[in-house]
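Novice: Okay, handing you the structure first.
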Protein chains: 2
Amino acid sequence: MSIAEAPGLRERKRIATRKAIQRAVLELALERGLERVTIEEISRVADISPRTFFNYFVSKEAAIVGDSPDFIDGEALQHFVDGGPNGDLIRDLGYLLADAAERASEDRDTQIMRKELHSKYPHLFALRMAGMRVFEDELSAVVARRLLREDAAYAKDQATLASRSRLVTLVAMGALRHAWTCWADSANKSGEPLAGRMRDTFDQLESVFVKSRQS
Amino acid sequence: MSIAEAPGLRERKRIATRKAIQRAVLELALERGLERVTIEEISRVADISPRTFFNYFVSKEAAIVGDSPDFIDGEALQHFVDGGPNGDLIRDLGYLLADAAERASEDRDTQIMRKELHSKYPHLFALRMAGMRVFEDELSAVVARRLLREDAAYAKDQATLASRSRLVTLVAMGALRHAWTCWADSANKSGEPLAGRMRDTFDQLESVFVKSRQS
DNA sequence: GTGCAACATTGCAGACTATGCAATAATTGA
DNA sequence: TCAATTATTGCATAGTCTGCAATGTTGCAC
């Protein structure tokens, strides 16, 4: 929306190259194991020079883990800021994330290959989380907007607002990890939707917190 | 306790070398920036051969981020499993972690240098989180023990128990991240204790979850 | 469509990382 | 003291990653 209507040749080529590299590295890594894949091979398969590889990714691993999600916008975001689908902060945040996950679709194959590699090499998974830092910051800002809506008193204390938003965000990221691992561990019936898992996880989250108090 | 009463010369040397390397890399990285430090220099300062460096750490970064915490045991653990200090699952878990943080003391300097580097190079911080995987698994097992105590019905459904434990653990790790960043961002009055921050964070956590429901 | 500015790709050189292997040295325990 | 075990080291080698300068492509104004 906010960006280019017509991407233009240059941009289209760039995206194509990026995808070609990602495909290449995923296929090779699945076929013969991550450590037995070299940049040279990847480049050969993706039909670029080794030097070009590094114009796109800083490492093999970076090419595998995939890009961090785009910034969330649109009406789901506004809905969240205005008091979310359920009126429960964390859960609403989870639903917002699930929503974003549904939207951000890649090739089904790419997604599945990635998933496979993630459960085979857990450190990749960790790397992926590591790469979400900027996304986390964006999310944190969104949470801050909602908190401010819920309680205008936060306006007087920016530090507390920031801290609180970040706490909520990081807890949500923890839940997100849970959803991911559940999804990755689940039998590979191709259909299994990630977004559904996410909603499940965030629903459970509520009961985890409430339960101990009741008993 | 369970391990060696008297470490023996070999073991003591090993630990000394390990610390020497960590000191060396921390000092050098602070002094001239992470990317301008080579293994060769580190080895020179730590007084070992470059080859030996790799017998201790797989990379510069690994030497910087420090070891992941030892397994938690002792009476605090038992107390947690039996219904924890407050009777609130997540909060109790936080207190358990804070407890462990208090115990696991390193040189004050080392700790401060690490902290400095962590805020200077956020990807190191992420790396540290990534290195906590096995610790997370241990923690998850501990949480499972407590859940089973609270509700014996879990015994019938190991899958749910495992999933639930993992969810709680990952959420707690999120909160832990929050505590860490607060601590790292705080002005460097040397005294500021990490454990205190952790307890703060986990106390807030409760209100985050409850608040939205009340309003 | 010509031409120029902006950007992308490539090859090459060079520094650094990382691992296997075999020789050497230190520690352990009997 | 001796043999077993474990640690350190140097060397060789494969691979990663970056800067730079040359060459190719695309975008855009005219």
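Novice: Restricted to the range A:24-42, and to residues that are of a type outside the set (A, V, I, L, M, F, W, C) and near DNA strand D (Cβ under 9 Å from one of its atoms), which residue is nearest to the chain's Cα centre (by Cα)?
Specialist: Per the stated criteria, the residue is A:Glu35.
Novice: Would you mind telling me which numbered condition in (1) away from DNA strand C (no atom under 16 Å from the Cβ); (2) within 14 Å of chain A (Cβ to nearest Cβ); (3) farther than 25 Å from B:Leu147 by Cβ B:Glu35 fails?
Specialist: Single failed check for B:Glu35: (1).
Novice: Just to be sure, is A:Asp67 away from DNA strand C (no atom under 15 Å from the Cβ) and more than 14 Å from chain B (Cβ to nearest Cβ)?
Specialist: yes
Novice: Next up: With the structure loaded, tell me whether B:Ser186 is on the phi < 0 side of the Ramachandran plot, more than 8 Å from chain A (Cβ to nearest Cβ) and modelled with pLDDT of 95 or more or whether it fails that test.
Specialist: On the way: on the phi < 0 side of the Ramachandran plot: yes; more than 8 Å from chain A (Cβ to nearest Cβ): yes; modelled with pLDDT of 95 or more: no.
Spelling it out, it is not the case that B:Ser186 is on the phi < 0 side of the Ramachandran plot, more than 8 Å from chain A (Cβ to nearest Cβ) and modelled with pLDDT of 95 or more.
Novice: Here is a follow-up. Here is a check on your reading of the model: is A:Met132 open to solvent by less than 30 Å² (accessible area, probe 1.4 Å), touching a residue at least 60 places away in the same chain (Cβ under 8 Å) and over 20 Å from B:Ser140 (Cα atoms)?
Specialist: yes
Novice: Please count how many residues of the range B:85-132 are part of a helix (DSSP H, G or I), within 13 Å of another protein chain (Cβ to nearest Cβ) and within 19 Å of B:Phe209 (Cβ to Cβ).
Specialist: Selection size over the range B:85-132: 6.
Novice: Please give the number of the condition A:Leu30 fails out of (1) under 30 Å from B:Glu206 (Cβ atoms); (2) touching a residue at least 40 places away in the same chain (Cβ under 8 Å); (3) more than 14 Å from every other protein chain (Cβ to nearest Cβ).
Specialist: Here A:Leu30 meets the rest and fails (1).
Novice: Let me confirm something: among B:Ala159, B:Ala104, which residue is small (Gly, Ala, Ser), at pLDDT below 90, open to solvent by 30 Å² or more (accessible area, probe 1.4 Å) and outside the structural domain of B:Glu31 (by TED's automatic domain parsing)?
Specialist: Unique residue meeting the criteria: B:Ala104.
Novice: Next question, about the same structure. Given the residues A:Ile21, A:Ile15, which is the only one that is within 16 Å of DNA strand C (Cβ to nearest atom), over 30 Å from B:Ser207 (Cβ atoms) and surrounded by 15 or more Cβ atoms within 10 Å (Cβ to Cβ)?
Specialist: A:Ile21
Novice: Any idea how many residues of the range B:38-52 are open to solvent by 100 Å² or more (accessible area, probe 1.4 Å), near DNA strand C (Cβ under 9 Å from one of its atoms) and of a type in the set (Asp, Glu)?
Specialist: So the answer is 1.
The values are calculated or read from the model by the stated rules, or taken from the named source; none is laboratory data. Treat the numbers as computed from the prediction; the structure is a model and nothing was measured. Every residue, glycine among them, receives a Cβ derived from its backbone with ideal geometry; neighbour counts consider all protein chains shown. Just so you know, the surface numbers come from the protein's heavy atoms only, side chains and all, with ligands and any DNA or RNA stripped out. Shrake-Rupley method; radii C 1.70, N 1.55, O 1.52, S 1.80 Å.
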